[in-house]
């Protein structure tokens, strides 16, 4: 926040009680995140900043009615695109959940539309009641083992550092390139070090040697832990631990035991990837805080992690606390343990009450045509989807783990007809297809997946991390072909097919990732998709679309599928489906 001489004099005058504050909060129980205690007193606000705690008069009085006054929350790592709404609409969803600041990585749209995608996210998040800061995508394309829609070098990214809301370099996920000190990645790290020095990590499934390498390269954070020992090793080496609770990756319950009074200041929360319906029903960082308390963490430590710790990790010197010199971003809580949010304030202004956004009207211009025409698929035939199986009838199969990003490398016998794989509901073995959709290359990756439990039909989406090609899973080739064709016609989205007919669909025309509609409309569309899945007979306790979207991510073990074929992450090479 800019400070001029007039503003400074006013704040000093209010703090010294020579003039009344713009706003004073009275009858409050103040959460002190520095000493982890609850204090009482008036809170003075001037020009959107806290300027004093004590006894104050103000032009406007907020009667807290003995509620808790809590610093608002910060999401330390989130991909807005995963919510399927634009930043402007995203703000209306998370503000009622107490989140007033996020650090986002536009990695998803950048892999589709490059610099145009990043510019769209920056422009659409301008002048919102939500503070949206950016980490620049480090890996576009994510790896060399798949095809995405763009390629961003250090020279492409450097101009973005002129933007005041760009903080650093986002999750460095290409460990082989880091290990090899690849010039392209090293250039990005050196460039970032010259500007801000903030570099996020992505150490999924990596050992302590890898932690040493990442830390030596200046990487400061990791959000890919899912065991206490992994988390402890990162903390030992001076990393910040981002405890993630998203829609697929739910690591909080397993990681909270690592947090104690000695190391809590190095721990914070993130959502990473969270679907819109989960954000609406469950919440954002408030859900992380609430869950951490339920699993036994001191409520004040949980709040400190969601506010002050996140602020300090990313260099926000005026965020994260109820204290003079900090931005007046705060919550009124009815209950502490349940994080029952009554009201949300941004810069001293009310933006949400009783779970509803009440801030100013947010209207943004439509994206350019280049972001609305990103699905280019050649005509496909059934022969294009054939998987040849050897005489022994054995195949490498992707085994899903519900609510996890990691998969299992299975080797099982499959059903084959004249040497061609046939999906089997009895064996729970379905066909998985990835179709390159950015440059009309005709690349098609084919594989077998186990664990969805589908008896009929097919599902498909253009949300396929991180290159976001079309990914489809189904019980038969006819429905799979129809699913791919439907996504092509709607310029991206999600679709459910049964008997070559569309059961339900949701159009996501902005880069095939986000809707140009309001969040309530998208929430309705997601409910229709849920009903469509029920009509197919799906009864699993996980989101099949989200699970499907991560089966293409070739940086998280064990087996994944790209447009170039089945990929063994540990060996970091493509392998044949047939054994």
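The values are calculated or read from the model by the stated rules, or taken from the named source; none is laboratory data. If you're wondering where the values come from, they're calculated on a predicted model, not measured in any experiment. Cβ sites come from the backbone with ideal geometry, for glycine too, and all protein chains shown count toward neighbours.
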Residue within region 464-471 that is surrounded by fewer than 24 Cβ atoms within 10 Å (Cβ to Cβ), in contact with a strand residue (DSSP E or B) (Cβ under 8 Å, 6 or more places away or on another chain) and touching a residue at least 60 places away in the same chain (Cβ under 8 Å) present: no
Residue, surrounded by the fewest Cβ atoms within 10 Å (Cβ to Cβ), within region 518-528, restricted to residues that are in contact with a helix residue (DSSP H, G or I) (Cβ under 7 Å, 6 or more places away or on another chain) and under 12 Å from residue 506 (Cβ atoms): 523
Enumeration of residues in region 292-307 that are assigned to a helix (DSSP H, G or I) and surrounded by fewer than 24 Cβ atoms within 10 Å (Cβ to Cβ): 293, 294, 299, 300, 301
Residues (closer than 18 Å to residue 131 by Cβ and crowded, with 18+ Cβ neighbours inside 10 Å) located in region 162-181: 166, 167, 168, 170
Restricting region 252-291 to residues that are assigned to a loop (DSSP other than H, G, I, E, B), modelled with pLDDT of 95 or more and crowded, with 20+ Cβ neighbours inside 10 Å, the residue that is nearest to the chain's Cα centre (by Cα): 271
Residue check for residue 487: assigned to a strand (DSSP E or B) and either at pLDDT 95 or above or under 19 Å from residue 431 (Cβ atoms) (or both): no
When residues of region 328-342 are limited to those that are assigned to a strand (DSSP E or B) and over 25 Å from the mean Cα position of the chain (by Cα), the one farthest from residue 22 (Cα to Cα): 335
Residues of region 453-463 that turn out to be crowded, with 24+ Cβ neighbours inside 10 Å and on the phi < 0 side of the Ramachandran plot, as a count: 6
Candidates 384, 354, 329, filtered to the one that is exposed (fewer than 15 other Cβ atoms within 10 Å of the Cβ), touching a strand residue (DSSP E or B) at 6+ places or on another chain (Cβ under 8 Å) and not assigned by TED's automatic domain parsing to the domain that holds residue 133: 354
Only one of 321, 352, 328, 306 that is in contact with a helix residue (DSSP H, G or I) (Cβ under 6 Å, 6 or more places away or on another chain) and more than 29 Å from residue 248 (Cβ to Cβ): 321
Residue check, residue 401 buried (at least 24 other Cβ atoms within 10 Å of the Cβ), under 26 Å from the mean Cα position of the chain (by Cα) and either within 25 Å of residue 526 (Cα to Cα) or without any contact (Cβ under 8 Å) to a residue 24 or more places away in the chain (or both): no
Any hit, region 55-73, residues being assigned by TED's automatic domain parsing to the domain that holds residue 242, modelled with pLDDT of 95 or more, out of contact with any strand residue (DSSP E or B) (no Cβ under 8 Å at 6 or more places or on another chain) and surrounded by fewer than 23 Cβ atoms within 10 Å (Cβ to Cβ): no
Yes/no for residue 29 being surrounded by fewer than 20 Cβ atoms within 10 Å (Cβ to Cβ) and under 26 Å from residue 333 (Cα atoms): yes
Residues being modelled with pLDDT under 95 and closer than 27 Å to residue 249 by Cα - total across region 377-431: 6
Test: residue 258 is more than 30 Å from residue 519 (Cβ to Cβ) and touching a strand residue (DSSP E or B) at 6+ places or on another chain (Cβ under 8 Å): yes
Selected residue (criterion: surrounded by the fewest Cβ atoms within 10 Å (Cβ to Cβ)) from residues of region 107-130 that are free of Cβ contacts under 8 Å to residues at least 40 places away in the same chain and in a loop (DSSP other than H, G, I, E, B): 127
Qualifying position, being in contact with a helix residue (DSSP H, G or I) (Cβ under 6 Å, 6 or more places away or on another chain) and either outside the structural domain of residue 442 (by TED's automatic domain parsing) or touching a residue at least 24 places away in the same chain (Cβ under 8 Å) (or both), among 154, 142: 154
Residue in region 133-143 that is farther than 21 Å from residue 214 by Cα and either in contact with a strand residue (DSSP E or B) (Cβ under 9 Å, 6 or more places away or on another chain) or surrounded by 15 or more Cβ atoms within 10 Å (Cβ to Cβ) (or both) present: yes
Subset tally (residues that are within 17 Å of residue 333 (Cα to Cα) and part of a loop (DSSP other than H, G, I, E, B)) for region 32-62: 3
Count of region 5-28 residues which are assigned to a loop (DSSP other than H, G, I, E, B) and on the phi < 0 side of the Ramachandran plot: 5
Selected residue (only one of 494, 503 is in contact (Cβ under 8 Å) with a residue 24 or more places away in the chain and over 16 Å from residue 454 (Cα atoms)): 494
Hits in region 192-205 (condition: buried (at least 21 other Cβ atoms within 10 Å of the Cβ) and either in contact with a helix residue (DSSP H, G or I) (Cβ under 7 Å, 6 or more places away or on another chain) or outside any helix (DSSP H, G or I) (or both)): 198, 199, 200, 201, 202, 203, 204
